[in-house]
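The structure under discussion appears below in the form of structure tokens.
The values are calculated or read from the model by the stated rules, or taken from the named source; none is laboratory data. Please read these numbers as outputs of a predicted model, since none were measured by experiment. We place every Cβ from the backbone using ideal geometry, glycine too, and count neighbours over all the protein chains shown. Quick note on the areas: whole protein, heavy atoms, side chains included, nothing else; ligands and nucleic acids left out. Shrake-Rupley method; radii C 1.70, N 1.55, O 1.52, S 1.80 Å.
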Number of protein chains: 2
Amino acid sequence: MDAQHPFDDFRSLLEALPAADTPALAAARKRNSLLTKPEGALGRLEEIAMWLAAWSGRAPAVHRPMVAVFAGNHGIAEENISPFPTTVTQQMVGNFEKNGAAINQICATVDLSLKVFDLALDYPTGNITVEPALSERDCAATMAYGMESVAGGVDLLCLGEMGIGNTTIAAALCYGLYGGSAADWVGPGTGAEGEMLERKIAAVEKAVALHKDHLSDPLELLRRLGGREFAAIAGAIIAARMQKVPVLLDGFAVTAAAAVLKAANPSAIDHCMIAHVSAEPGHLRLIQKLGKTPLLALGMRLGEGTGAALAASLVKSAAACHTGMATFEEAGVSGRA
Amino acid sequence: MDAQHPFDDFRSLLEALPAADTPALAAARKRNSLLTKPEGALGRLEEIAMWLAAWSGRAPAVHRPMVAVFAGNHGIAEENISPFPTTVTQQMVGNFEKNGAAINQICATVDLSLKVFDLALDYPTGNITVEPALSERDCAATMAYGMESVAGGVDLLCLGEMGIGNTTIAAALCYGLYGGSAADWVGPGTGAEGEMLERKIAAVEKAVALHKDHLSDPLELLRRLGGREFAAIAGAIIAARMQKVPVLLDGFAVTAAAAVLKAANPSAIDHCMIAHVSAEPGHLRLIQKLGKTPLLALGMRLGEGTGAALAASLVKSAAACHTGMATFEEAGVSGRA
């Protein structure tokens, strides 16, 4: 008997993802049609409420929203593609723990719990221009770790990341998935410009050329061109689907991890909304490839889950409107003449 | 000595509006540059924080945000331009009071106080196709009433409205202010289509033609083509400026009231941000005339201040980030290499 491949469990999960809950969706649509507003007048808030129903399998509700931030370090940083040193990843994790970062302030404002997962920061992944980022075992173990992050009754999962060098990794994943040119997918990240930006493009070009014969399998693409936070986020997205938890995706890196899953199964991220379109130019291009429409467009490019956390306020409001509004009959409000 | 004209006080106020607080803005810019994020990475959240500083005259903070909803009835409804009867205005005020409307749910979610002001609902304004909406005295008194709504230590004012027929009024104000064609400014509102939409366009055309010789003075335009919630909102915007309260404008009707003030003084609404662009097509056109960029685009068209209330969450988060984030030095995070 052959030894099991580390990816086998994930392949099985990706082939048997639960579908949208059509009775819950039908019930939500019915209630939506009775509420005291002209039909469709709440726009995307109504779309959000229907999405919550479809993927949670019950009436739209957000009582235990959580932001999960996954932090990783990347061998690609050796190529001098970021204006910040890799020590900043660990330092920012410390900043999260001391409530000093933007994501802490937004979570406090919007009333979201926050968990930060640092992923072997002292052991950066392989430099993808010369070797795979992760072994099969390490990639699978990190996906499993990401899956475990969803435990505990969470009913809205906001995914974020921190990792110096990870917009380069996101660009490599996208270039590997969708082609085009490396320059289509590479942007400034935290502020690369001029020669540094050229190096970033060259690194993505070199990495995808090196691994080009192994990219038709999305999970193999993930382990070769990805990184730990990408693997963990992919795992968290799968776990959320299994547990009927709707997901808000943050920026370029998080969305790139989601794109890997969609390549494996076209319906794999139907329970995910894009929280915002970041200022990193590859993000809009990627969102268009996924056929989704972001909720917010605020020119942000910080990561940390900040865009997802802001969008969580919209999702909470959408659920509250759906649940709390009176019907025309209850309120004694006249309908259309 | 001539009797004082009812508009004289407002004309004086509009000529002497306080400017942005440049020391507060400079202090906020300095702090913003020290916070643990790449420069500009919070995008429009940084713009919001600077705007709060400039127009509140102190460090960005939102501790007492309020939504003020002004409700009015309109003689133009006689022209059969809305699918809903005018009784709905009063019924929806009742719904607000019983916490049954969308705005109640969003205010509860975002933690905003809500005040609803009903403006002589039993006495609709004049039908603007045959007479002015308001007398000079009534218009001035309603502006003064709107000014009083801002009392009480509010530090962010979200303006909303309710009034069957008021997208027709908003279209008339815009057509009177900017020209083009009536059809450029008229949209479905709560759901006018077909012949009703044609009647709506014709009513706006007729009203502006009737009053055309009196539209060069913005306050005269407001009283002839406007309505009580428009006058009250204009008053509230002026009062907020005097009291250093930044303002979030909601949809088409609220923005049209603001546009009247900008016509009187080009800087009159510099302390206002457009919370969202509504699905009512005239709103985007109007926002472009004002040279502003909305914070949200969610396809909403409900009014009630719902878009402004959602955007208030972004403003609260922007203030929290500015105030609560650590500096690079405090957090021991390395800067650019």
Answer yes if at least one residue in region A:5-13 is in a helix (DSSP H, G or I), more than 20 Å from B:GLY100 (Cβ to Cβ), open to solvent by 10 Å² or more (accessible area, probe 1.4 Å) and among the acidic types (Asp, Glu), and no otherwise.
-> yes
Cβ pairs under 6 Å, 6+ apart or interchain, first in region A:19-38 and within 14 Å of chain B (Cβ to nearest Cβ) and on the phi < 0 side of the Ramachandran plot, second in a helix (DSSP H, G or I) and among the polar types (S, T, N, Q), ordered by first then second residue, are A:THR36/B:ASN95
Of (1) surrounded by 20 or more Cβ atoms within 10 Å (Cβ to Cβ); (2) on the phi > 0 side of the Ramachandran plot, A:GLY299 fails just (1)
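Quick check, is B:LEU45 within 18 Å of the chain's Cα centre (by Cα) and either surrounded by fewer than 23 Cβ atoms within 10 Å (Cβ to Cβ) or in a helix (DSSP H, G or I) (or both)? Give the steps one after another, and end with the answer.
Values: within 18 Å of the chain's Cα centre (by Cα): no; either surrounded by fewer than 23 Cβ atoms within 10 Å (Cβ to Cβ) or in a helix (DSSP H, G or I) (or both): yes.
It is false that B:LEU45 is within 18 Å of the chain's Cα centre (by Cα) and either surrounded by fewer than 23 Cβ atoms within 10 Å (Cβ to Cβ) or in a helix (DSSP H, G or I) (or both).
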Lone unmet requirement of (1) within 13 Å of chain B (Cβ to nearest Cβ); (2) under 27 Å from A:LYS244 (Cα atoms); (3) in contact (Cβ under 8 Å) with a residue 60 or more places away in the chain for A:GLU161 | (1)
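Given the structure, is B:ALA41 without any contact (Cβ under 8 Å) to a residue 24 or more places away in the chain, of a type in the set (A, V, I, L, M) and within 14 Å of another protein chain (Cβ to nearest Cβ)? Even if it seems obvious, please write down each step before you answer.
Details: without any contact (Cβ under 8 Å) to a residue 24 or more places away in the chain: yes; of a type in the set (A, V, I, L, M): yes; within 14 Å of another protein chain (Cβ to nearest Cβ): yes.
Yes, satisfied.
Can you list the helices (runs of 4 or more DSSP H) found entirely within region A:129-199 that contain at least 3 residues being open to solvent by 10 Å² or more (accessible area, probe 1.4 Å)?
Numbers: elements: A:136-148, A:166-178, A:182-185.
Passing ranges, in order: A:136-148, A:166-178.
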Can you tell me which residues in region B:307-337 are within 22 Å of B:ALA236 (Cβ to Cβ) and either open to solvent by 10 Å² or more (accessible area, probe 1.4 Å) or within 7 Å of chain A (Cβ to nearest Cβ) (or both)?
-> B:LEU310, B:SER313, B:LEU314, B:LYS316
Can you pull out the residues in region B:234-260 that are in a loop (DSSP other than H, G, I, E, B) and closer than 22 Å to B:THR168 by Cβ?
-> B:ASP250, B:GLY251
Index of the failed condition, A:ARG58 passing every other in (1) buried (at least 21 other Cβ atoms within 10 Å of the Cβ); (2) away from every other protein chain (no Cβ under 14 Å); (3) farther than 22 Å from A:HIS211 by Cβ; (4) at pLDDT 95 or above = (1)
B:ALA263 being part of a helix (DSSP H, G or I), modelled with pLDDT of 95 or more, surrounded by fewer than 24 Cβ atoms within 10 Å (Cβ to Cβ) and under 17 Å from the mean Cα position of the chain (by Cα) | yes
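Is there a residue being within 30 Å of A:ALA207 (Cα to Cα) and surrounded by 22 or more Cβ atoms within 10 Å (Cβ to Cβ) anywhere in region A:90-105?
Looking only at region A:90-105, we keep the residues that are within 30 Å of A:ALA207 (Cα to Cα), and these are A:90-93.
From the residues that got through so far, the ones that are surrounded by 22 or more Cβ atoms within 10 Å (Cβ to Cβ) too are A:92.
The answer is yes; a qualifying residue exists.
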Quick check: is even one residue across region A:22-36 open to solvent by 60 Å² or more (accessible area, probe 1.4 Å), in contact with a helix residue (DSSP H, G or I) (Cβ under 9 Å, 6 or more places away or on another chain) and β-branched (Val, Ile, Thr)?
-> yes
Cβ-Cβ below 7 Å, separation at least six or inter-chain, first residue in region B:104-129 and without any contact (Cβ under 8 Å) to a residue 24 or more places away in the chain, second in a strand (DSSP E or B) and open to solvent by 40 Å² or more (accessible area, probe 1.4 Å): which pairs?
-> B:ASN104/B:LEU114
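With the structure loaded, tell me whether A:GLY57 is out of contact with any strand residue (DSSP E or B) (no Cβ under 7 Å at 6 or more places or on another chain) and more than 29 Å from B:GLU304 (Cα to Cα) or whether it fails that test. Reasoning before the result, please.
Values: out of contact with any strand residue (DSSP E or B) (no Cβ under 7 Å at 6 or more places or on another chain): yes; more than 29 Å from B:GLU304 (Cα to Cα): yes.
For A:GLY57, the condition - out of contact with any strand residue (DSSP E or B) (no Cβ under 7 Å at 6 or more places or on another chain) and more than 29 Å from B:GLU304 (Cα to Cα) - is met.
Please find, among B:LYS244, B:LYS206, B:LYS200, B:LYS212, the residue that is basic (Lys, Arg) and under 17 Å from the mean Cα position of the chain (by Cα).
Values: B:LYS206 fails: under 17 Å from the mean Cα position of the chain (by Cα); B:LYS200 fails: under 17 Å from the mean Cα position of the chain (by Cα); B:LYS212 fails: under 17 Å from the mean Cα position of the chain (by Cα).
Checking each option against the conditions leaves just B:LYS244.
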B:GLU78 versus (1) touching a residue at least 60 places away in the same chain (Cβ under 8 Å); (2) more than 27 Å from A:ASN32 (Cβ to Cβ): which is the lone unmet condition?
-> (1)
Give A:ARG29, A:ARG64, A:ARG58 a once-over and let me know the one that is of a type in the set (Lys, Arg) and within 30 Å of B:MET162 (Cα to Cα).
-> A:ARG29
Considering only region A:66-89, state which residues are crowded, with 22+ Cβ neighbours inside 10 Å and hydroxyl-bearing (Ser, Thr, Tyr).
-> A:SER82, A:THR89
If only one of B:GLY163, B:GLY152, B:GLY226, B:GLY251 is touching a strand residue (DSSP E or B) at 6+ places or on another chain (Cβ under 9 Å) and at pLDDT below 95, which one is it?
-> B:GLY152
Residue that is nearest to A:VAL62 (Cα to Cα), among those in region B:70-108 that are aromatic (Phe, Trp, Tyr) and more than 7 Å from chain A (Cβ to nearest Cβ) = B:PHE96
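What are the residues in region B:55-66 that are farther than 19 Å from B:ALA257 by Cα and in a strand (DSSP E or B), if any?
B:PRO65
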Please enumerate the residues belonging to region A:268-296 that are within 12 Å of chain B (Cβ to nearest Cβ) and open to solvent by 40 Å² or more (accessible area, probe 1.4 Å).
-> A:ALA279, A:THR293
What are the residues in region B:67-119 that are in a loop (DSSP other than H, G, I, E, B) and hydrophobic (A, V, I, L, M, F, W, C), if any?
-> B:ILE81, B:PHE84, B:ALA101, B:LEU112, B:LEU119
